[in-house]
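For reference, the structure is listed below as structure tokens.
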Amino acid sequence: MTAALELAVARQIGEFNLDVALTVESGMSVLFGPSGAGKSLTLALIAGLIRPDSGTITINGHVVTDCARRTYVSTQKRRIGMVFQDGLLLPHRSVIDNVALAVRQTRGRRARRAVARSWLERVGAEGLADRRPGSLSGGQRQRVALARGLAGDPALVLLDEPLSALDAEVRRELRKLIRGVIISSSVPAVLVTHDAEEAEELGDVIIGYNRGRVTGARVVDRPVCPGPASGAPESTGRA
Amino acid sequence: MPGACVGGTGEHRTSVTGLVPHSWLNALGIPPWVWGPLSVSLHAAIEATLVVAVVGCALGFLLAKGSFPGRGAIETAFSLPMALPPTVVGWYLLTQLGGPGPVRSAEVSLFGHPLTFTFTGIVVAQIVESFPYCLRFSRAAISGVDARFEQAARAMGLPQWRIALLVTLPLARRGVVAGAVMAFGRALGDFGATMIVAGSVPMATTMPIALYNAVFFGSHGQAMVLALVQLAVAFGLLFGVSRLGKVRPW
């Protein structure tokens with residue numbers, strides 16, 4: 001089976017040196033480590049928002065970055081969905097428009113809005129469709145951001161500390177939602193967090209990060225919840 | 001519909017106040033020596049601002065988002081009219097538009113006549129004078145947009161041109177609109193460049209030139225009225241710009 005993500009990259013930013021190699025199968029993989037370990041930088045490299053100094057990145061069997069061959073597929077063509085820490089919903093657009101803009105698989109405003117509405121229903125935000133992001137609470141914003149991240153039929157979803165700006169109660173509620181929606185939609189996902197409880201609750205695989213290196217990986221024991229579809233998760237540092 | 005014969009070449013333009021019947025203007029007590037120059041000023045400034053808003057915003061976007069060499073030099077060159085006396089700008093325009101050379105040849109083949117001492121000449125002078133305001137406001141506003149919104153849009157698969165139209169420009173809209181309003185104000189108030197390029201021919205007289213003529217010929221009553229009208233327009237413009245900063249963002 002083709003891995004959802006294969007990555008072996010290095011990137012120097014000032015004094016900080018990121019040098020990681022990892023493979024992600026289906027389900028939810030969590031990059032876990034302290035702040036400044038290089039987790040979010042890894043997501044930016046996967047998304048193509050930053051170019052690595054060397055290495056390759058493959059999403060669903062398609063090479064999207066190959067520094068040796070100077071191959072850099074643009075962010076737009078990587079078929080990824082992203083959920084940011086503070087949502088980053090466009091403030092001048094309604095909630096439904098924010099989600100509809102991300103819909104790639106269909107043309108026409110009405111069809112896009114129909115897809116967007118169905119995703120809003122799946123995240124329990126259907127009642128927010130006509131509101132502006134400025135009038136939403138933090139939890140509501142992240143629900144909409146999750147719908148937007150998934151609405152474009154992505155090959156891979158990247159979640160960059162999506163719950164870190166929320167209070168404890170909302171965070172607990174959204175953890176269940178995120179895991180449920182990601183698993184039911186069968187989209188492989190990579191989530192970044194520095195919260196151990198969150199990593200345990202959300203991840204099928206937890207990949208440890210520290211000082212720009214992968215320190216190890218382990219499969220989370222889940223007797224009931226669905227785990228990775230097949231294949232053992234692999235993660236190797238190149239330190 | 002009343003029209004205004006503008007310029008020494010007999011170039012005809014329909015005035016803005018042509019949209020309003022003369023009887024209304026007379027009933028309102030607005031004399032021809034006010035609404036004539038006012039219509040020329042408004043008409044020229046609107047045309048100049050339309051050009052400046054589109055081109056200035058596009059160039060501002062390129063300067064803010066592009067990573068090509070010489071950006072600083074380009075911005076400086078287009079901003080020169082801010083620092084130069086308007087008469088100097090007018091002299092350069094006069095020698096280029098009116099003197100022998102490729103610019104004049106292009107004008108003749110495009111418009112059928114040179115642009116000096118015409119209404120279009122006024123518009124060209126106002127474009128050059130007001131362009132830096134729109135350019136600098138737009139560039140600053142576009143540079144100030146949080147790049148993470150654009151990154152989010154890229155992750156959503158939006159092509160670059162849609163990101164510009166749907167994300168960057170709406171988020172920079174207050175600065176862009178303020179730049180266009182400032183450019184309109186600058187175009188409306190231009191005296192030096194307009195005077196040198198278009199002179200003071202009858203029916204091609206803008207408000208500032210009409211005021212100058214009134215003072216020159218000792219019509220102090222008319223000068224006071226013309227000054228008051230310009231004061232009111234300038235106040236309205238600046239008040240509008242200040243309101244832009246106070247409205248709820250979204």
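The values are calculated or read from the model by the stated rules, or taken from the named source; none is laboratory data. Since we're looking at a predicted model, the values are computed, not measured. Quick reminder, even Gly has a Cβ in these numbers, built from the backbone with ideal geometry, and neighbours come from all protein chains shown.
Tabulated values for the structure
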read-out: Hits in the range B:183-201 (condition: outside any helix (DSSP H, G or I) and in contact (Cβ under 8 Å) with a residue 40 or more places away in the chain); value: B:Asp190, B:Phe191, B:Gly199, B:Val201
read-out: The range A:79-92, residues that are at the interface with chain B (Cβ under 8 Å from one of its Cβ atoms) and either over 27 Å from A:Asp195 (Cα atoms) or not aliphatic (A, V, I, L, M) (or both); value: A:Arg79, A:Gly81, A:Phe84, A:Leu90, A:Pro91, A:His92
read-out: Selection from the range A:124-181 of residues that are among the aliphatic types (A, V, I, L, M) and more than 18 Å from A:Gly27 (Cα to Cα); value: A:Ala125, A:Leu128, A:Ala129, A:Leu136, A:Val144, A:Ala145, A:Leu163, A:Ala165, A:Leu166, A:Ala168, A:Val170
read-out: Cβ-Cβ under 6 Å pairs, at least 6 apart or on other chains, the range A:17-36 side in contact (Cβ under 8 Å) with a residue 12 or more places away in the chain, far side among the acidic types (Asp, Glu) and part of a strand (DSSP E or B); value: A:Thr23/A:Glu6; A:Thr23/A:Glu234
read-out: Tally, over the range A:93-118, of residues that are at the interface with chain B (Cβ under 8 Å from one of its Cβ atoms) and out of contact with any helix residue (DSSP H, G or I) (no Cβ under 8 Å at 6 or more places or on another chain); value: 1
read-out: Breaking point among (1) under 15 Å from the mean Cα position of the chain (by Cα); (2) surrounded by 20 or more Cβ atoms within 10 Å (Cβ to Cβ), for B:Leu115; value: (1)
read-out: Members of the range B:149-169 that are crowded, with 17+ Cβ neighbours inside 10 Å, within 11 Å of chain A (Cβ to nearest Cβ) and in a helix (DSSP H, G or I); value: B:Phe149, B:Glu150, B:Gln151, B:Ala152, B:Ala153, B:Arg154, B:Ala155, B:Ile163, B:Leu166, B:Val167, B:Thr168, B:Leu169
read-out: Residue within the range A:57-68 that is within 14 Å of chain B (Cβ to nearest Cβ), in contact (Cβ under 8 Å) with a residue 12 or more places away in the chain and within 24 Å of A:Val144 (Cα to Cα) present; value: no
read-out: Odd one out for B:Gly90, checked against (1) under 30 Å from B:Asp146 (Cα atoms); (2) surrounded by 14 or more Cβ atoms within 10 Å (Cβ to Cβ); value: (1)
read-out: Failed item in (1) outside any loop (DSSP other than H, G, I, E, B); (2) within 18 Å of A:Leu191 (Cβ to Cβ), with A:Arg110 passing the rest; value: (2)
read-out: Close pairs from the range A:193-218: first farther than 15 Å from A:Gly27 by Cα, partner part of a helix (DSSP H, G or I) and among the hydrophobic types (A, V, I, L, M, F, W, C), Cβ under 7 Å, at least 6 apart; value: A:Thr193/A:Ala199
read-out: Of residues in the range B:1-38 being at pLDDT below 55 and among the aliphatic types (A, V, I, L, M), the one farthest from B:Gly221 (Cα to Cα); value: B:Met1
read-out: Where B:Ser41 falls short, out of the listed (1) in contact with a strand residue (DSSP E or B) (Cβ under 7 Å, 6 or more places away or on another chain); (2) at pLDDT 90 or above; value: (1)
read-out: Search result, residues across the range B:121-147 that are farther than 15 Å from B:Trp91 by Cα and either in contact with a strand residue (DSSP E or B) (Cβ under 8 Å, 6 or more places away or on another chain) or outside any helix (DSSP H, G or I) (or both); value: B:Gly144, B:Val145, B:Asp146
read-out: Unmet requirement for B:Cys134, which otherwise passes all of (1) within 15 Å of the chain's Cα centre (by Cα); (2) within 14 Å of chain A (Cβ to nearest Cβ); (3) not hydroxyl-bearing (Ser, Thr, Tyr); value: (2)
read-out: Members of the range B:204-246 found to be out of contact with any Asp or Glu (no Cβ under 9 Å at 6 or more places or on another chain), part of a loop (DSSP other than H, G, I, E, B) and under 23 Å from B:Thr95 (Cα atoms), listed by number; value: B:Thr205
read-out: Residue pairs meeting the criteria (Cβ under 9 Å; at least 6 apart or on separate chains; first on the phi > 0 side of the Ramachandran plot, in the range B:94-115; second in a helix (DSSP H, G or I) and modelled with pLDDT of 85 or more); value: B:Gly101/B:Thr95
read-out: Matching residues in the range A:149-169 - criterion: being crowded, with 24+ Cβ neighbours inside 10 Å and either away from every other protein chain (no Cβ under 11 Å) or in contact with a Phe, Trp or Tyr (Cβ under 8 Å, 6 or more places away or on another chain) (or both); value: A:Ala151, A:Leu159, A:Pro162, A:Leu163
read-out: Exclusive hit being more than 14 Å from chain B (Cβ to nearest Cβ) and more than 25 Å from A:Asn17 (Cα to Cα), set A:Arg211, A:Arg172; value: A:Arg172
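Yes/no matrix, rows are residues, columns are (1) over 26 Å from A:Gly134 (Cα atoms); (2) of a type in the set (Val, Ile, Thr); (3) buried (at least 19 other Cβ atoms within 10 Å of the Cβ):
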| site | (1), (2), (3) |
| --- | --- |
| A:Met28 | yes, no, yes |
| A:Ile59 | yes, yes, yes |
| A:Thr71 | yes, yes, no |
| A:Thr75 | yes, yes, yes |
| A:Arg78 | yes, no, yes |
| A:Phe84 | no, no, yes |
| A:Leu90 | no, no, yes |
| A:Gln105 | yes, no, no |
| A:Arg110 | no, no, no |
